[in-house]
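Bear in mind these aren't lab numbers, they're just calculated from the coordinates by the rules spelled out. Every value quoted in this text rests on a predicted model; they were computed, and no experiment measured them. When we count neighbours, we look across all protein chains shown, and the Cβ atoms used for this are built from the backbone with ideal geometry, even at glycine.
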Amino acid sequence: MKFLKRLFGICETPMPGDPQSWSVQNGSVHIDLTRMPELMVPGSGVRLEGRGIDPRLLVFHGDDGQYHAIANRCTHMGRRIDTIAGSNTIQCCSVSKSTFTYDGQPVGGAAKKPVKTYPVTRDGEALTVSLSNQG
Ligand code: FES
């Protein structure tokens, strides 16, 4: 089943269950962690898509305890990227399994170019992803 998901490029990472857990204003994505249990544990992540953001984002809680945001398009053929808990890396959901560091650098698989990263700041239970300042 996992192979079939990879073949069709079906990722493991969910969209947020609570649509009110995030919003887009003034070139930034605002996330209310109290409404987004998907980001609770290190190694977890959510897909943020729509609402005028381009490119779509993968926001994740890294194994390093920090929150990160990247453009959720693999630089090989554009498929979505998943977190890989316990590996300090993220990985494309396709069969070629391009793997990237948290700062977007390719370290395995077919992709040879980095994925875009975006700065994430935390203030209490609020995260802000700045889309205008590429990290
Ligand atoms: S699209 Fe990501 S490895 Fe091919």
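See the values below:
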quantity: Contour minus Cα-Cα distance for residue 89 and residue 77 (0.36 nm per residue); calculated: 2.5 nm
quantity: Net charge of Cβ neighbours under 12 Å - reference residue 105; Lys, Arg +1; Asp, Glu -1; calculated: +2
quantity: Residues 92, 74, 11, sorted so that the one with the fewest Cβ neighbours within 10 Å comes first; calculated: 11, 74, 92
quantity: Projected label distance in nm at residue 132 and residue 103, using a 7 Å step from Cα toward the beta-carbon; calculated: 2.5 nm
quantity: Spatially near lysine pairs across the chain, Cα under 16 Å, sequence gap of 8 or more or different chains; calculated: 4
quantity: Spin-label zone in region 28-52 - amide nitrogen under 19 Å from a point set 7 Å from the Cα of residue 20 along the C-beta vector; calculated: 30-39, 51
quantity: Three-way shape label, region 4-95, alpha-carbon gyration tensor, a/c 1.5; calculated: oblate
quantity: Potential extension, residue 3-residue 121 segment - 0.36 nm per residue separation minus Cα distance; calculated: 38.9 nm
